[in-house]
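The values are calculated or read from the model by the stated rules, or taken from the named source; none is laboratory data. Bear in mind the structure is a predicted one, so any value in this text is a computation, not a measurement. Methodologically, a virtual Cβ is constructed for each residue, glycine included, from the backbone with ideal geometry; neighbour enumeration extends over all protein chains shown. Quick note on the areas: whole protein, heavy atoms, side chains included, nothing else; ligands and nucleic acids left out. Shrake-Rupley method; radii C 1.70, N 1.55, O 1.52, S 1.80 Å.
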Amino acid sequence: MNPDQVLDQIIQANPRPAQAQAPGTVLTRAALLVELDRRSGDMQTQDKPAGQKTKPASPPASSPRRRRLVPALAGAAAVIVALVIGVVALSSGQKRVSQYADAAAAGEPDAIFGLFVESYRTGDVAGALPYVDADLSVLFTNLSDATTWMPGLIEFQGALYGRDEPGPSVCEGPDESGWVSCTFTEPADGILAAAGFPETTYRGKLADGRIVTYQFPGRAEGDVTISGITDSVEIPLGEYAAGIDPEGMAAQCDVARGLQAGELTSGFPLVKNQQCGAFIAGFLDDYLATLGG
């Protein structure tokens, strides 16, 4: 509807007699149209009042593609962060590569024995057991079937001695009699050094890359009168623990149960398994104090 049509309807709604004169304040049709045009132009170009802030324009709506892209980028960033954290964690927790690894892979007996002893000392059954022959014979014992008792012995070693990081080691052999040996320097504040073993020597014989003869450390070759580490360290520590907590000792180092399971026992009151080793290791610091360690 145009302005003329609007005015016609207004006139029809409130007609005046044709002879009546319109008041002086009443605009003619032409004047009214001019006034409407003027006011319309003023409204489009008028200045905003002083102090009034212009309302910021609303940002354009994000396109569907952009909305999909934002979470995708966030997800990719999360994956990158996770990968970085994983690499750092792997680097910090990575197992130390043995100095004997390459030579052992080449089949050198002394290096193979070195790998075995390193795993043996830290309680790493999976790392040590592959180098042990099932028919392993142990000097000064009547032990048999090493696959039965050796896993428990390795776990016992790790529970008791695993906290002490050994110093440098040297592996040599085989000598004319077929023996290979590895000598580890013990930490000065460790249990073995405190008990009079600043160095610990392990000896064994190998055939086809497996240990077929083993001598517990702390004994001289062929001399059963020399007290070994078991007699000098482990049994006294066990007796010390039993004196403080006899009930705990009986429960955790049950010799009868160990014998029934085919595990290695060392007189009263030890069973060479992880459970017993961890129990007596709990008394280690107090026991070292009695030795002046």
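What the table shows:
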{"read-out": "3J(HN,Hα) from dihedral phi, region 249-263, Karplus parametrisation 6.51/-1.76/1.60, rounded to Hz, x for glycine, proline", "value": "5, 5, 7, 8, 10, 7, 5, 4, 5, x, 5, 5, 7, x, 7"}
{"read-out": "Charge dipole magnitude, Cβ of K and R +1, D and E -1 - region 106-169, Cα centre, debye nearest 20", "value": "160"}
{"read-out": "Cβ-placed point charges (K, R +1; D, E -1), dipole of region 145-243 about Cα centre in debye, nearest 20", "value": "160"}
{"read-out": "In Å², nearest 10: area of R203 left accessible to a 1.4 Å probe", "value": "30"}
{"read-out": "Counting all C-alpha pairs of region 145-243, share separated by more than 18 Å (%)", "value": "54"}
{"read-out": "5 angstrom amide H check on T213, placed H, neighbours 5+ away", "value": "S137, K205"}
{"read-out": "F283 accessible area, 1.4 Å probe, all protein chains in place, Å² to nearest 10", "value": "30"}
{"read-out": "Accessible-area value, D164, 1.4 Å probe, nucleic acids and ligands omitted, Å²", "value": "20"}
{"read-out": "Gain upon complete extension [A250, A134; 0.36 nm per residue less C-alpha separation]", "value": "38.7 nm"}
